[in-house]
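What follows is one structure encoded as structure tokens, with my remarks underneath.
The values are calculated or read from the model by the stated rules, or taken from the named source; none is laboratory data. Note that the coordinates shown come from a computational prediction; the quantities given were computed from them, not determined experimentally. Neighbour counts run over all protein chains shown; Cβ positions are idealised from the backbone, glycine included. Note: accessible area is taken over every heavy atom of the protein model, side chains too, but ligands, DNA and RNA are not part of it. Shrake-Rupley method; radii C 1.70, N 1.55, O 1.52, S 1.80 Å.
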Amino acid sequence: MSKRIPFAPLAAAIGLGFSLLAGSLVAPTVAHAEGEIRIAEQFGIVYLLLNVVRDQNLIEKHGKEEGIDIKVDWTQLSGGAAVNDALLSGSIDIAGAGVGPLLTIWDRTHGKQNVKAVASLGNFPYYLVSNNPKVKTIADFTETDRIAVPAVGVSVQSRFLQYAAAKQWGDKEFNRLDKYTIAVPHPDATAALIAGGTELTGHFSNPPFQDQALENPNVHVVLNTYDLLGPNSPTVLFATEKFRNENPKTYKAFIEALTEAAEFAQNDKGAAADTYLRVTKAKIDRAALLKIIDNPQFEFSVTPKNTYPLAEFLYRVGAIKNKPDSWKDYFFQDAKPLQGS
């Protein structure tokens, strides 16, 4: 049996790099006028709608329909904590992250900046995968295992893991597995899991990274979020009330652009795959990517689905202080998205 090499140095280096990047974003910035929008996305197919918006210049297109020229700035970060920090600092206007980070920042800004979700990015199953043959369920993780997530305790993957732990051991033990998690960007965690030989034996991922990891026969699924919660929208976009109110034309153009992108991606999976490859420069075979995107469990839609069970859970265990009565409490009520959950 080969000896496992501690993953901590690499995780620390990666974490430092993204901390520095996040730090560069938290400097206060001057509020801008209508006609500019700064968007932060992360890694994976779940952000494909933003790839389509960017590739087809849809915000600019719908801005012209509103009578304005819109300048769009794109930033890529890793982890909900960095994204939330950037939004609160005024460095970005639209944040792309999981429902977990959304609920954290909604709770934190309730009655103040009033951050709420703008739209969903679609419905996708997320997998917790492992290369440890002894780990069949979450109950099998031990002190020798480490589970990669985008942001410890904040990312939607961390929240899904807590939800699963609460189902396994009860609400009082919801954070039982937190001590095994470390923050690592999806591309690096996937490479480490496939290579093996480190203490990182688990990765709560998203597509296409989970699919790439599963191509290795030593990697298997430990937990599927659709089994945990049913079909749901794990990743969303959110903004401050101030940006929405002060930039109505820019905001509307963004919503219209996103809606058009969702229709495009849902109705033409081949073109959507080509867009993802063109924009992200991802090193994945087109046929393999198309197979992932064509999964019948995938739905590209701006309408949120089944987000409230996680919100209710986080309030129940004390992770958020404000109790949302429904999904409408943490989503702006615009013409789109329509009826969600």
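Summary of computed values
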quantity: Efficiency of FRET from Cβ geometry, residue 136 and residue 285, R₀ 25 Å, rounded to 0.05; calculated: 0.25
quantity: Sequence-separation-based contact order of the chain, relative, with Cα cut under 8 Å and 6+ spacing, percent; calculated: 26
quantity: Cα-based radius of gyration of the stretch 127-229 once divided by 2.2 N^0.38 Å, which approximates compact folds; calculated: 0.95
quantity: Angle between the chain longest axis and helix 156-169 axis [Cα atoms, degrees, rounded to 10]; calculated: 50
quantity: Highest-fluctuation residue, 99, 236, 222 considered, GNM on the chain with Cα pairs under 10 Å; calculated: 222
quantity: Highest-fluctuation residue, 92, 320, 284 considered, GNM on the chain with Cα pairs under 10 Å; calculated: 284
quantity: Distance (nanometres) between label positions extended 7 Å along Cα→Cβ at residue 173 and residue 321; calculated: 3.0
quantity: Value of relative contact order over the stretch 127-229, rounded to a whole percent, pairs C-alpha under 8 Å and six or more apart; calculated: 45
quantity: Taking the stretch 96-175 and dividing mean pair separation by its residue count, relative contact order in percent (alpha carbons under 8 Å, at least six apart); calculated: 33
quantity: Longest site-free stretch - the chain; sites: GluC sites (Glu not before Pro), DSSP loop, at most 13 other Cβ within 10 Å; calculated: 1-142
quantity: Under Karplus coefficients 6.51, -1.76 and 1.60, residue-wise ³J(HN,Hα) of the stretch 91-96 in Hz, glycine/proline x; calculated: 7, 9, 10, 10, 9, x
quantity: Relative packing of peptides 301-308, 265-272 - highest average C-beta neighbours within 10 Å first; calculated: 301-308, 265-272
quantity: Rounded percent of accessible protein surface that carbon and sulfur make up, the stretch 127-229, 1.4 Å probe; calculated: 49
quantity: Alpha carbon centroid spacing (whole Å) that separates the stretch 136-214 from the stretch 73-89; calculated: 21
quantity: Loop sites in the stretch 83-169: trypsin sites (Lys or Arg not before Pro), DSSP, at most 16 other Cβ within 10 Å; calculated: 112, 134, 136
quantity: Reach of residue 252 by Cα under 18 Å, taken over aspartates and glutamates that are not fewer than 8 positions away in the same chain; calculated: 34, 36, 60, 65, 66, 69, 73, 93, 241, 260, 263, 334
quantity: Accessible surface, per residue, of the chain when the full set of protein chains is kept, probe 1.4 Å, Å²; calculated: 41
quantity: Contour excess over end-to-end distance, with Cα ends at residue 271 and residue 224 and 0.36 nm allotted per residue; calculated: 14.2 nm
quantity: Expected 222 nm ellipticity per residue - DSSP helices of 4 or more, -39500 (n - 2.57), all of the chain, to 500; calculated: -12500 deg cm²/dmol
quantity: Partners for residue 328 among lysines (Cα-Cα distance below 17 Å; same-chain residues under 8 apart left out); calculated: 116, 305, 336
